[in-house]
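K.L.:
Shown below is the structure under consideration.
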Amino acid sequence: MHRTSKPTRKCYSCLLNLGDRCWMYDCPHDQWHDRRKCPGFGNREFYSQFRAWLETPRRKSGRERRREVFLSTRHTEEHYNSVLPGWAR
Ligand code: SF4
């Protein structure tokens, strides 16, 4: 069976739907399979845990740190001179 971490169509309005994955379950499809409703859908306890998790300070991932450096260095004359010497005359 095709297993993916991507939420299903039925997850559309769920708070735990992070777009490319579910915050609670590894395979959202399995949660809906053979059930009328996912146990996490509209679950107040899970939603309160998720809100608490959102408020905790998180360590930045490598991708986020690289993006910050990239955004801080681009569009500066110093940066372009280091990449393309003689760019600014
Ligand atoms: S908790 Fe259930 S309904 Fe919500 S995103 Fe995850 S799988 Fe979908």
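The values are calculated or read from the model by the stated rules, or taken from the named source; none is laboratory data. Just so it is clear, the model here is predicted, and its values are computed rather than measured. Neighbour counts run over all protein chains shown; Cβ positions are idealised from the backbone, glycine included.
K.L.:
Residues to consider are S72, S5; find the one that is surrounded by 10 or more Cβ atoms within 10 Å (Cβ to Cβ), touching a Lys or Arg at 6+ places or on another chain (Cβ under 7 Å) and of a type in the set (G, A, S).
P.N.:
After ruling out the rest, the residue left standing is S5.
K.L.:
Further, regarding this structure: Could you grab the pairs with beta carbons closer than 7 Å, sequence gap of 6+ or different chains, first residue in the stretch 31-43 and on the phi > 0 side of the Ramachandran plot, second one more than 8 Å from the ligand (Cβ to nearest atom) and modelled with pLDDT of 90 or more?
P.N.:
Listed pairs, sorted by first residue: none to list.
K.L.:
Take the stretch 12-68 and flag every residue that is farther than 26 Å from H2 by Cα and among the hydroxyl-bearing types (S, T, Y).
P.N.:
Y47, S48, T56, S61
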